[in-house]
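Undergrad: Structure below; questions to follow.
The values are calculated or read from the model by the stated rules, or taken from the named source; none is laboratory data. Quick caveat, the model's predicted, so the values are computed rather than measured. For neighbour counting, all protein chains shown are included, and Cβ atoms are generated from backbone atoms with ideal geometry for every residue, glycine included.
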Amino acid sequence: MAKDAFDTIMAGLTDAAAHAKGKPRKGTVVHAIEIPDVKAIRTRLKLSQNAFARKFKLPLASVRNWEQRRRRPEGPALVLLKVIERSPRTVMAALEPSKAKRPDRRGGRPRKVANG
């Protein structure tokens, strides 16, 4: 019983070591998203770092770190940058404040929503 457990653990460690060295074992699936070139995207849109960060609701420090390759975008930020890379106008439109009217909470007529 102990020999079987040892063999199983050793096989797992061997697989993990191979994966860490870039040699995934049979049956391993790796999903990798290419890291976008944030500076190239921003330059193509003719925006300063500050304007890019404001327009896409990103922290300015993150934009700077990504461009200087001190950090890599991860998770939702990575996905957002990939969408900005492919369709920046769609993202800009989605992030614009809504100009729709909403009903007054008191049950009256719809009132215009203030931008700001």
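Undergrad: Which condition does Thr8 not pass, out of (1) modelled with pLDDT under 80; (2) over 17 Å from Arg72 (Cβ atoms); (3) of a type in the set (Val, Ile, Thr), if it passes all the others?
TA: Evaluating Thr8 over (1) modelled with pLDDT under 80; (2) over 17 Å from Arg72 (Cβ atoms); (3) of a type in the set (Val, Ile, Thr) leaves (1) as the failure.
Undergrad: Now, a different point. For Lys57, work out the one condition from (1) exposed (fewer than 11 other Cβ atoms within 10 Å of the Cβ); (2) more than 15 Å from the chain's Cα centre (by Cα) it doesn't fulfil.
TA: (2)
Undergrad: Can you tell me which of Phe52, Phe6 is under 16 Å from the mean Cα position of the chain (by Cα), surrounded by 10 or more Cβ atoms within 10 Å (Cβ to Cβ), assigned to a helix (DSSP H, G or I) and aromatic (Phe, Trp, Tyr)? So that I can check it myself, show each step before the final result.
TA: Details: Phe6 fails: under 16 Å from the mean Cα position of the chain (by Cα).
Answer to the check: Phe52.
Undergrad: Report every pair of residues separated by at least 6 positions or lying on different chains whose Cβ atoms are under 7 Å apart, first residue within the stretch 32-58 and over 16 Å from Arg71 (Cα atoms), second among the basic types (Lys, Arg) and surrounded by 13 or more Cβ atoms within 10 Å (Cβ to Cβ).
TA: Partner pairs satisfying both residue conditions: Leu47/Lys55; Phe52/Arg42.
Undergrad: Now, a different point. Limited to the stretch 9-48, what total is found for residues that are charged (D, E, K, R), assigned to a helix (DSSP H, G or I) and exposed (fewer than 13 other Cβ atoms within 10 Å of the Cβ)? Steps first, answer last, please.
TA: Restricting attention to the stretch 9-48, the residues satisfying the condition of being charged (D, E, K, R) are 15, 21, 23, 25-26, 34, 37, 39, 42, 44, 46.
The next check asks that each one be assigned to a helix (DSSP H, G or I); those that pass are 15, 39, 42, 44.
Restricting the remaining residues to those that are exposed (fewer than 13 other Cβ atoms within 10 Å of the Cβ) gives 44.
Here the count works out to 1.
Undergrad: Tell me, please, whether a residue that is more than 18 Å from Lys46 (Cα to Cα) and at pLDDT 90 or above can be found in the stretch 87-94.
TA: Residues of the stretch 87-94 more than 18 Å from Lys46 (Cα to Cα): 94.
Retained after the next criterion (residues that are at pLDDT 90 or above): 94.
Taking every residue of the stretch 87-94 in turn, at least one turns out to be more than 18 Å from Lys46 (Cα to Cα) and at pLDDT 90 or above.
Undergrad: A follow-up question, please. Which of the residues spanning the stretch 63-86 are surrounded by 12 or more Cβ atoms within 10 Å (Cβ to Cβ) and either small (Gly, Ala, Ser) or modelled with pLDDT under 90 (or both)?
TA: Ala77
Undergrad: Can you find even one residue in the stretch 105-115 that is assigned to a strand (DSSP E or B), over 27 Å from the mean Cα position of the chain (by Cα) and either at pLDDT 95 or above or of a type outside the set (D, E, K, R) (or both)?
TA: Taking the stretch 105-115 first, the residues assigned to a strand (DSSP E or B) are 110-112.
Checking which are over 27 Å from the mean Cα position of the chain (by Cα) leaves us with 110-112.
Subset that is either at pLDDT 95 or above or of a type outside the set (D, E, K, R) (or both): 110.
The answer is yes; a qualifying residue exists.
Undergrad: Has the stretch 25-37 got at least one residue that is at pLDDT 95 or above and charged (D, E, K, R)?
TA: yes
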